[in-house]
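Enquirer: Got a structure for you, written out below as structure tokens; questions coming shortly.
The values are calculated or read from the model by the stated rules, or taken from the named source; none is laboratory data. Predicted model, so just to flag it, every value in this text is computed and none were measured. Cβ placement follows ideal geometry from the backbone for every residue including glycine, while neighbour counts extend to all protein chains displayed.
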Amino acid sequence: MIEVVHRRFVVDAPLGETWDHLARVEEWPTWAHHIKSVRLSPPGLLTAESEGGFTLGGGVRSTFRMEVFEPPRRWQWVGRFLTVTVHYDHHFESINDQATALTWIVKADGLGAGTVGRVFGVVYRRNLDRAIPRLQEQLRATADRE
């Protein structure tokens, strides 16, 4: 298994609020514009049984199922991309009453992980680099309203 993405960043929102915001995966297209739609089963907040799919730009589809679920500290889901199994790990760490550090790690394994996985990582990093500032702003705006 190889790591293809590793991003750590801070949002201006408490841990519980950050977890709850991100656990509404069906709302991710509001800040992650590369995601055009989300299907989540069961609908609503993420659970240990959650599975679903994303429709990305260009009509690319990606499915996932929950692999690790440890609220409010971590979840990891797994899906396929071509011949590669992709593990998406989301870590939440309280910095203080008003800030949470998020660490997102993406690992690939299987046939083609060294080639397809690395290309996938380049595209995924580019999308994250655009989405993270929008997520930070969205959480800041939510905190300002409260």
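Enquirer: State the number of residues belonging to segment 40-65 that are hydroxyl-bearing (Ser, Thr, Tyr) and surrounded by fewer than 15 Cβ atoms within 10 Å (Cβ to Cβ).
Expert: Looking only at that region, the number is 2.
Enquirer: Also, quick follow-up: State whether the residues of segment 36-52 include one that is within 16 Å of Leu102 (Cβ to Cβ) and either of a type in the set (Phe, Trp, Tyr) or touching a strand residue (DSSP E or B) at 6+ places or on another chain (Cβ under 6 Å) (or both).
Expert: Of segment 36-52, the ones within 16 Å of Leu102 (Cβ to Cβ) are 46.
Then keep just the ones that are either of a type in the set (Phe, Trp, Tyr) or touching a strand residue (DSSP E or B) at 6+ places or on another chain (Cβ under 6 Å) (or both); that gives none.
No, there is no match, as no residue in segment 36-52 is within 16 Å of Leu102 (Cβ to Cβ) and either of a type in the set (Phe, Trp, Tyr) or touching a strand residue (DSSP E or B) at 6+ places or on another chain (Cβ under 6 Å) (or both).
Enquirer: Right, next: Residues of segment 1-37 being in contact with a Leu (Cβ under 7 Å, 6 or more places away or on another chain) and of a type in the set (S, T, N, Q), which ones?
Expert: Once the filter is applied, which keeps residues that are in contact with a Leu (Cβ under 7 Å, 6 or more places away or on another chain) and of a type in the set (S, T, N, Q), segment 1-37 yields only Thr18.
Enquirer: Within segment 29-38, identify whether any single residue is touching a Ser or Thr at 6+ places or on another chain (Cβ under 7 Å), over 20 Å from Gly121 (Cβ atoms) and either surrounded by 14 or more Cβ atoms within 10 Å (Cβ to Cβ) or in contact (Cβ under 8 Å) with a residue 60 or more places away in the chain (or both), and answer yes or no.
Expert: As a first pass, look at segment 29-38 and keep what is touching a Ser or Thr at 6+ places or on another chain (Cβ under 7 Å): 29, 36-37.
Then keep just the ones that are over 20 Å from Gly121 (Cβ atoms); that gives 29, 36-37.
Now restrict to residues that are either surrounded by 14 or more Cβ atoms within 10 Å (Cβ to Cβ) or in contact (Cβ under 8 Å) with a residue 60 or more places away in the chain (or both): 29, 36.
Checked segment 29-38: at least one residue is touching a Ser or Thr at 6+ places or on another chain (Cβ under 7 Å), over 20 Å from Gly121 (Cβ atoms) and either surrounded by 14 or more Cβ atoms within 10 Å (Cβ to Cβ) or in contact (Cβ under 8 Å) with a residue 60 or more places away in the chain (or both).
Enquirer: Moving to a separate point now. For Arg140, indicate whether it is surrounded by fewer than 16 Cβ atoms within 10 Å (Cβ to Cβ), at pLDDT below 95 and either on the phi > 0 side of the Ramachandran plot or part of a strand (DSSP E or B) (or both).
Expert: no
Enquirer: Is it true that Glu17 is in contact with a helix residue (DSSP H, G or I) (Cβ under 9 Å, 6 or more places away or on another chain), among the acidic types (Asp, Glu), buried (at least 17 other Cβ atoms within 10 Å of the Cβ) and in a helix (DSSP H, G or I)?
Expert: Yes, satisfied.
Enquirer: Shifting gears a bit: For segment 88-121, give me each residue that is loosely packed, with under 14 Cβ neighbours inside 10 Å, touching a residue at least 24 places away in the same chain (Cβ under 8 Å) and more than 19 Å from Arg74 (Cα to Cα).
Expert: Result: Leu111, Gly114.
Enquirer: When you go through Val25, Val68, Val78 one by one, which is the residue that is closer than 28 Å to Arg118 by Cβ, at pLDDT 95 or above, surrounded by fewer than 17 Cβ atoms within 10 Å (Cβ to Cβ) and among the hydrophobic types (A, V, I, L, M, F, W, C)?
Expert: Val68
Enquirer: Taking only segment 81-103 into account, find how many residues are within 15 Å of the chain's Cα centre (by Cα) and more than 11 Å from Pro14 (Cα to Cα).
Expert: Going through segment 81-103 one residue at a time, the tally reaches 8.
Enquirer: Report the residue count in segment 39-63 for those that are under 18 Å from Arg125 (Cα atoms) and not charged (D, E, K, R). It would help to see each step written out before you state the result.
Expert: First pass over segment 39-63, keeping only residues under 18 Å from Arg125 (Cα atoms): 54-58, 60-62.
Those left that are additionally not charged (D, E, K, R): 54-58, 60, 62.
Number of matching residues: 7.
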